[in-house]
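The values are calculated or read from the model by the stated rules, or taken from the named source; none is laboratory data. Being a predicted model, the structure only gives us computed values, none of them experimental. All Cβ positions, glycine included, derive from the backbone under ideal geometry; neighbour counts span all protein chains shown. Areas reflect the complete protein model, heavy atoms only, side chains present, ligands, DNA and RNA absent. Shrake-Rupley method; radii C 1.70, N 1.55, O 1.52, S 1.80 Å.
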Amino acid sequence: MRPRVSFLLLALALFALGGVLSLPRPKEEAAVRPTRVGALPEMGVVVAARDIEYCGYHTPCGPGSRTDTLFYVRVRGQEAKGVAIPRDLYSPLVGGKVNAAYGRGGAELLKRAVAEATGMVVERHLILTLESVARVVDAVGGVEVYLERPMRYTDRAAKLFIDFPAGRLHLNGEEAVKYMRFRHDALGDYARLDRIKEVLVQVLRKAQDPRTWPALALALREAWAQLDTDLTLEEVLGHLPAVQGLKVSLATLPTREGPGTFLYVDEGARARFLAAFFGEAPPLAPPDVPVVLRGEEALLRWGQALLQREGVVPGLEEAEVERSAVYTRDPVAGAYYAGLFHLPLLAPHRPLSGVVVELGKDLLQ
């Protein structure tokens with residue numbers, strides 16, 4: 001399968017600042033927008049990224065018609081659960097790849113295609129541009145990543161130059177976008193989706209800090225004209241009380257490879273995974289899976305004591321960890337340990353046995 005170029009839309013940071021959504025809208029647009037008064041118990045949102053259209057060599061024409069990054073996000077009370085949808089997924093409704101839906105039928109066709117792929121209800125859409133992403137990342141002070149090997153790629157026609165050394169890096173908005181656009185590794189689009197989830201979690205956690213809100217408000221005001229969304233102020237404000245305690249879980253839709261460059265929904269795996277991932281509550285007892293704690297010695301001792309009270313004996317791996325999270329491909333076990341440690345849950349595509357709980361320096365801040 002050939003990896004593809006696309007980029008992150010960190011759109012969920014909008015839920016941290018409902019005030020920016022009160023900016024004036026054209027009268028004709030306001031007339032057709034649905035309105036709803038009061039808090040919503042839950043809401044399904046398609047969060048998507050528009051790629052860049054090029055008129056010629058070194059000549060970008062603005063946002064393109066393809067949505068190369070797609071997430072289905074379910075916001076329910078103090079939880080936001082998102083499922084990444086690979087851009088090469090075949091959509092019977094579109095008659096081609098799901099990333100062509102927006103260009104062929106606008107946001108409405110895109111929402112129907114995502115509902116078809118996930119089997120979930122889609123009420124709203126939020127579609128941003130590359131510049132919007134960079135502004136939001138800068139507004140929260142950038143993100144931290146760790147590279148096991150150097151990340152290098154050059155596309156002179158698109159003026160894309162990626163050259164990151166191995167090791168721990170702090171990335172600003174422009175650099176974070178490059179990090180998420182990179183596609184030249186063994187797992188291709190799946191690895192890119194994991195990088196997107198990694199950065200998205202960091203931005204969402206930082207957006208919960210009221211100290212970031214003034215900068216976020218300014219960034220979102222500057223980017224607002226670029227948004228394509230049918231979210232209303234009333235809907236967003238209904239979720240604001242839960243923002244500071246928001247629990248985040250991100251995974252990737254189960255797929256299988258097929259003819260040509262298409263991916264197809266793995267129907268059996270999808271049903272099992274989504275039922276567990278979007279389940280009402282984590283299990284009451286620790287699931288019978290191996291657990292590994294990663295972090296510095298003091299944090300390992302704390303995590304080990306917490307798990308021992310639950311009757312769990314973890315493996316210990318001393319390492320320098322910047323950002324804390326729970327990693328697993330088991331949504332039931334992930335829900336249990338993410339709730340126990342009050343950490344984001346990330347379901348990576350790469351092979352992973354059991355549960356890995358990374359305890360980072362952010363727990364000490």
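Figures for the structure shown
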item: Tally of residues being at pLDDT 90 or above and either open to solvent by 30 Å² or more (accessible area, probe 1.4 Å) or not aliphatic (A, V, I, L, M) (or both) across segment 145-160; result: 1
item: So residue 171, is it within 19 Å of the chain's Cα centre (by Cα), over 21 Å from residue 75 (Cα atoms) and touching a residue at least 40 places away in the same chain (Cβ under 8 Å); result: no
item: Scan of segment 243-274 for residues that are loosely packed, with under 15 Cβ neighbours inside 10 Å and among the small types (Gly, Ala, Ser), ordered by number; result: 245, 258, 260, 268, 269, 271
item: Filtered residues of segment 107-121 (kept if buried (at least 23 other Cβ atoms within 10 Å of the Cβ) and closer than 24 Å to residue 272 by Cβ); result: 113, 114, 117
item: Residue check, residue 306 under 18 Å from residue 43 (Cα atoms) and either touching an Asp or Glu at 6+ places or on another chain (Cβ under 6 Å) or not acidic (Asp, Glu) (or both); result: no
item: Pairs where the first residue, in segment 332-354, is within 17 Å of residue 204 (Cα to Cα) and the second is small (Gly, Ala, Ser), C-beta under 6 Å, 6+ apart; result: 343/324; 343/325; 344/325; 345/249; 345/334; 345/338; 346/325; 347/251
item: Unmet criterion (only one of (1) under 30 Å from residue 210 (Cβ atoms); (2) in a helix (DSSP H, G or I)) for residue 251; result: (2)
item: Matching residues, segment 69-102, being open to solvent by 30 Å² or more (accessible area, probe 1.4 Å) and either assigned to a strand (DSSP E or B) or at pLDDT below 90 (or both); result: 76, 77, 78, 79, 90, 97
item: Filtered residues of segment 325-341 (kept if more than 12 Å from residue 287 (Cα to Cα) and within 17 Å of the chain's Cα centre (by Cα)); result: 325, 326, 327, 328, 329, 338
item: Residue among 50, 112 that alone is at pLDDT 55 or above, touching a Pro at 6+ places or on another chain (Cβ under 7 Å) and not aliphatic (A, V, I, L, M); result: 50
